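Each reported figure results from applying straightforward, stated rules to the coordinates on display, with no laboratory input. Because the structure is predicted, anything quoted here is derived from the model rather than measured. Positions of Cβ are generated from backbone atoms using ideal geometry, with glycine treated the same way; all protein chains shown enter the neighbour counts.
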Amino acid sequence: MSYLDRASVGEDVPFTQVNGVADIFRSHRDSLSAIILIITYGKGGGKMRTALSKRAALIVVVFMFIGLVAASRATAQVPEHVPWSASQPITWNLFLAAYPQGDCLQAEAAAIHMTINWSVSYVLDYDRTRGDWYGYVDESMIKVTNTMDPLLSWAAAQGKSPNVLNHEQRHFDLNEVYARKLAILLARPHVTGATTDEVRTALRKEINATASAVLNMASQMQSRYDDETAHGTNPAVQASWAAKIDAWLASPLQAP
């Protein structure tokens, strides 16, 4: 199961003017960012539960972890966020959170806590020939990262099998697909208008709409991956998904 928790996504995203540009007709450079938390669960057996009960359990678990995370980070010397890497797959050593005691989660084998963080800067230019303003994203300033948080990721002792780890890795890989797709699509917004305010508003709206569409699809595909693979317990379907994810990593725009 997958959950998507939005932060600062939408028309009310705060913007910061970071610097001016030398050309007097290029007067604004703005930036925006958002952090997207996607928490996915690997199934270890037991009866199905409703999404509502899982969400409630998740809230309890997060609050339970607050003190634990602060203490653990001071002593364990582990990174807060581990970036996705093709050359360094995840290992069980990165699942450091305590196994939750809530009834809603005790049938789960493992949970990986992942974050997509994105930020862009955009430029507003004045076209003296047309006599209007246009806005575009500065491709060199697009940043999208996909990370996991070891201290919020957990695994049951009896659930630490190669198959379960592979299933969790593919959750992480699927997240990377949409991080890459987002990085590509964030470069596309380009709008024109009579005033800087008009262009800025339209550009912000288009950027946020792009991010929301990609991240909503990421959430849907995470859920679909779990459902179709029966949380990794159907080997044939799991292998089919692995092949699709590998193809999408190579060509992110081919992903739904």
Taking θ as phi - 60°, what are the ³J(HN,Hα) couplings along the range 244-249 by the Karplus curve (6.51, -1.76, 1.60), each to the nearest whole Hz, with x for Gly and Pro? 5, 5, 4, 5, 5, 4
If you place +1 on the Cβ of every Lys and Arg, -1 on the Cβ of every Asp and Glu, and leave all else neutral, what size is the dipole of the range 74-228 about its Cα centre, to the nearest 20 Debye? 260 debye
Report the local net charge at VAL177: Lys and Arg +1, Asp and Glu -1, summed over other residues whose C-beta lies under 11 Å from its C-beta. +1
